[in-house]
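Handing you a structure now.
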Amino acid sequence: MAQSLLKSVFAGGYSKLFTSPANRRITSPTPHQFQLQLRINAFSTSSNRSSSSRDFLSLSDELLMDQCEMNTFKASGPGGQHRNKRETAVRLKHSPTGIIAQAVEDRSQHKNRASALARLRTLLALKVRDAIDLDGYTPPLELLQILPAKSTIRGSDVGSQIGPNNPKFALGMKALLDLIYAVNGSVSEAAKLLGLSTGALSRLILSDDSLRMEVNELRALKGMKPLK
Amino acid sequence: MTLCFTRTIHSLPFKHPRFSLSNPSKRPISNFLPHSSSKSPPLLRPISPKPHLPLFLRPPASSATFSDLQKFHSWAKGLAFSVGSKFLDSDNGPDTDLLCREIKWLLEDAVDDTSMLPHLGSSQNPNLTGSKLIRLKVDLDDLYSLWNQRIEERRPFQYIVGCEHWRDFVLCVEEGVLIPRPETEMIVDMVEEVVSKEKGLGKGLWADLGTGSGAIGIGIGRILEEGGRVIATDVSEVAVSVATFNVQRYGLQDKVEIRQGSWFEPIEDVMGKLAGLVSNPPYIPRDQIPRLQAEVGKHEPRLALDGGENGMDELLHLCEGSSFALGSGGFFAFETNGDEQSELVADIMTSKSENSFRDVKIKTDMAGIHRFVTGFRR
């Protein structure tokens, strides 16, 4: 049964993300919108597992690309040898979630495709939430990997801390956001579960702009002060 | 003023068009099979075949102050803004937005330390005083001339910087060599797919006919397995020297061999043995050449664009030759002008010499145009 229910935030509103950071915020979100349950027809070909955003993020570039509709921006005229134009912009629409990622800055379409795919991974991490059970919660490895070494639950076998510039950060960020949503935006509660001080977790959240904005969006909805 | 400027810049080391653009008579000679055409076959031997070093590969032997570079930047943007949608409206050429992006790319290639580029547009930077020297790979005067050529002559951006970003390669290009197009990147994707599915093809011998800068040949050379090789050919001496340079820059000499000659002529020794045959031949119908975007029609080699009366001359020749060139199970992929041409090519390949080919398919490019025809030799 390749179908699952995903909690998706702001479904359909992703195009807003690309205009400017100021437009990121949804002006009057309602709890209903926020908790929108999105029925997703997961890719039925690959497996019988139900898909979560963790599954999307652990896909290879190739398989993730298979789930996407790719458009290059409207090219007028006959193209090919007729044209000299660097219309190399790439737009990826991730069919299962409707998330759109695009890239235009490079001269090569090939590289823009890679950037768009990397951006899609970040958006999937930020925007697709999986419910977690707080009873007996143990953080997954990818979350432990982005925690600072002083975390009391982080064993020495986890390796050195993965920072925001590492592609693996997205997966850890996703697990952290799942946890923060589960505790309704409370950084102190999340910090306890991660063996960190509230300050240390705040600093981790503030170290990445998109992570900070996502957490602050949630906190605003819950009537909490933003992290600064 | 323009004329005077044009004279000056033609004497710069940057621009040496070896083919007179007004002399499009150099046509590929088709030696493999008789095919009727009114092509004249004069063998123009161009001068030195040594390719020009693209801007980004040059040593940073010049310099300019930060404030002088800022002046260039705002002058260049001023020119770009003066264009507006003029080129776009006249021949679907670049508009201000695209030209501004090109200025950024030009500076990326011309400046040694690109970290200062984001600060060019702003007036105050604590760490950058106006007198700070910025190392450049080209004289500031030449940078002015180059951007002027871009706007006044519509010289293609890729010839200005001497390279084109294509797939994950940066390929050297210059006048006399077709600038590889983004659409053509898909041929390599198709080959990659076929090589992963059909056992043995990746270890075989491939040919890229009319390789130009070497783009497709290099792209395929990178994905073939141990033992797989590509012969990439071109009739143009400039193309051969540029393609050779590009192959060497990526260290693919053992994988990609460049040969000079027209279509099947330089691969006569391997006819019937090929695992794959790919080509992006000239396919523009001749009567459309005068109306092409100026960057293309006035600057790119007509040899690489003009496909004869209906644009099919070279494609027909490739169709003819491919049943002799490919071994059993061999794959072919040709780029075409789109809808009518691809249907015609697919028809020919399907009905050809008692079903020589199987699984003949038309594939679309990113803009939805039926751009490619692919299939297999039985």
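Hey, what number do you get for chain B at 222 nm if only DSSP H runs of n ≥ 4 count, each worth -39500 (n - 2.57), divided across all residues, to the nearest 500?
Details: 12 runs with 127 residues, N = 378.
Computed ellipticity for chain B at 222 nm equals -10000 deg cm²/dmol.
Test of understanding: ordering A:SER210, A:SER160 by Cβ neighbours within 10 Å, fewest first, what list do you get?
A:SER160, A:SER210
Next question. Using only C-alpha positions, report the orientation-averaged shadow area of the convex hull of region A:71-174, nm², one decimal. Intermediate results must be reported in sequence, preceding the final value.
Working: hull surface 36.2 nm².
Across all orientations, region A:71-174 yields a mean hull projection of 9.0 nm².
While we're on this one: Once you keep just the Cα pairs under 8 angstrom separated by 6 or more residues, what percentage relative contact order results for chain B?
Details: 698 pairs, mean separation 58.7, N = 378.
In percent, rounded to a whole number, it is 16.
With 10 angstrom as the radius, rank B:GLU257, B:GLU225 by how many other C-beta atoms surround their C-beta, starting from the fewest. Before the final figure, lay out the partial values.
Working: B:GLU257 19, B:GLU225 12.
In order of increasing Cβ crowding within 10 Å: B:GLU225, B:GLU257.
A further question on this structure: Given the options A:VAL104, A:VAL128, A:PRO139, identify the residue whose Cα lies farthest towards the positive end of the charge dipole of region A:101-143 (+1 on Cβ of Lys, Arg; -1 on Cβ of Asp, Glu).
Result: A:VAL104.
Which value in nm describes the separation of the simple spin-label points at A:ALA118 and A:SER95, placed 7 Å from the Cα toward the beta carbon?
2.7
A further question on this structure: Remind me, relative contact order of region B:222-378 in percent, using alpha carbon pairs under 8 angstrom and six or more residues apart? Display every interim value, and only then the final one.
On the way: 257 pairs, mean separation 30.2, N = 157.
Relative contact order of region B:222-378: 19 percent.
Continuing with this model, one more query. With N set to the number of residues, divide the alpha-carbon radius of gyration of chain B by 2.2 N^0.38 Å and report two decimals. If you can, show how the numbers build up before the last one.
Values: Rg = 22.1 Å, N = 378, 2.2 N^0.38 = 21.0 Å.
Normalised by 2.2 N^0.38 Å, the Cα Rg of chain B equals 1.05.
Are there GluC sites (Glu not before Pro) in region B:302-362 that DSSP marks as loop and that have at most 12 other Cβ atoms within 10 Å, and which are they? Don't skip to the answer; put the middle values down first.
On the way: sites: B:GLU309, B:GLU314, B:GLU320, B:GLU335, B:GLU340, B:GLU343, B:GLU354; in loops: B:GLU309, B:GLU354.
Passing sites in region B:302-362 are B:GLU309, B:GLU354.
Can you check what the Kirkwood hydrodynamic radius comes to for region A:123-228, Cα pairs only, in Å to one decimal? Can you show the working numbers first?
Details: mean 1/r = 0.0733 Å⁻¹.
Taking the inverse mean of 1/r over all distinct Cα pairs, region A:123-228 comes out at 13.6 Å.
How big is Rg to Rh over region B:46-201, alpha-carbon atoms, Rh as the Kirkwood inverse-mean-distance radius?
Values: Rg = 18.6 Å, Rh = 17.6 Å.
On the Cα set of region B:46-201, Rg over Rh gives 1.06.
Counting other beta carbons within 10 Å of each Cβ, put A:MET65, B:MET186 in order, fewest first. Mind dumping the intermediate values first?
Values: A:MET65 16, B:MET186 20.
Starting with the residue having the fewest Cβ neighbours, the order is A:MET65, B:MET186.
Subtract the Cα-Cα distance of B:GLN253 and B:ASP141 from 0.36 nm times their separation in residues, and report this length gain in nm to one decimal.
Full-extension gain reported as 36.6 nm.
Moving to a separate point now. Once both labels are modelled 7 Å past Cα along the beta-carbon direction, what's the A:SER207-B:PHE81 spacing in nm?
4.2
Using a Förster radius of 30 Å, what is the FRET efficiency between B:ASP189 and B:ARG291 based on their Cβ-Cβ separation? Nearest 0.05, please. It would help to have the intermediate numbers written out before the result.
On the way: r = 31 Å, r/R0 = 1.02.
E(calc), rounded to 0.05, equals 0.45.
Between region B:211-228 and region A:164-185, how many Å separate their Cα centres?
After rounding, the separation between the Cα centres reads 41 Å.
How high is the FRET efficiency between A:SER197 and A:LEU141 when r is their beta carbon distance and R₀ equals 25 Å, given to the nearest 0.05?
Numbers: r = 22 Å, r/R0 = 0.87.
Once rounded, the FRET efficiency stands at 0.70.
Can I ask one more? Pull up all non-local amide H partners of B:GLU257: gap of 5 or more, or a different chain, and H-to-H distance under 5 Å with H placed in the peptide plane.
Amide H to amide H, under 5 Å and 5 or more residues apart or across chains, B:GLU257 pairs with B:VAL230, B:ILE231, B:ALA232.
May I pose another question? Rounded if a/c is under 1.5, else prolate if a/b beats b/c, else oblate: with a ≥ b ≥ c from the C-alpha gyration tensor eigenvalues square-rooted, which is region B:202-336? Walk me through the intermediate numbers first.
Numbers: a/c = 2.29, a/b = 1.40, b/c = 1.63.
Oblate, because a/c is 1.5 or more while a/b does not exceed b/c.
No lab work stands behind these numbers, since they all come straight from the coordinates. A quick note: this is a predicted structure, and the numbers were derived from the prediction, not measured. For neighbour counting, all protein chains shown are included, and Cβ atoms are generated from backbone atoms with ideal geometry for every residue, glycine included.
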